[in-house]
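Structure first, commentary second.
Please treat every number below as a calculation from the coordinates, not as lab data. Computed from a predicted model, the values in this text were never measured in an experiment. Positions of Cβ are generated from backbone atoms using ideal geometry, with glycine treated the same way; all protein chains shown enter the neighbour counts.
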Amino acid sequence: MSRRVFVPLVAALLALSTLAPAVSAQGEPVLFDACFNGQITLNAADNNTLACSWGAKTKGLVEMFVKADVRSFVLTDASGKVVWKLDPDQAAAVWSDPVTVTQSDWGFECVRDVGWFARWWYPLGALEPGTYTLTRNETYLHPVNDGMHTCSIGGERIPPPSLYPAGPLPEVVVTITIV
């Protein structure tokens, strides 16, 4: 797994696991990761919410990422018909303000045990039963840095670089089955 995916993946999974609201049939958001390829099965009555996050060593690095991140989403049904779209301006508006976290709570070993992250949640709502394809396209307007090369996981140093280049990221596709 490339470093470009590994550290944000760990941060996203940890952010979701520590900050996700309870899942219930009473309309609580059901978060699902919209930032990595995969498959998920959800219930037709669920209040589905797309979720991503970005973590870094400093608040400024998180703010720089949010300013550089341009993403859009398209949801199609099994016949390929577009049933929902989210353009980059709409997507940019839902990043949370950066919040501080204790790195060791997330499994990181850092000289300074403080980190920052921003959360991205977008309500998708309930969907009719069927199979859908969610496609995310994303690009960075300028290079972004997470600073995580100064940390370790399980005693193993996270390899540099912490700098991710400007430009498009690989397309992400999530297959969603609604039952």
Residues of region 115-144 with amide N under 15 Å of the 7 Å Cα→Cβ point at residue 77: 126-134
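Two decimals is fine: what's Rg over Rh for region 3-178, C-alpha atoms, Kirkwood radius as Rh?
Rg/Rh: 0.98.
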Footprinting exposure proxy for 82, 144, 114 (fewest neighbouring C-beta atoms within 10 Å first): 82, 114, 144
Relative exposure of 104, 53, 72, judged by other C-beta atoms within 10 Å (fewest first): 104, 72, 53
Length released on extending from residue 111 to residue 163, taking residue separation times 0.36 nm less the Cα-Cα span: 16.8 nm
Separation of the residue 37 and residue 139 label points, Cα + 7 Å toward Cβ, nm: 2.2
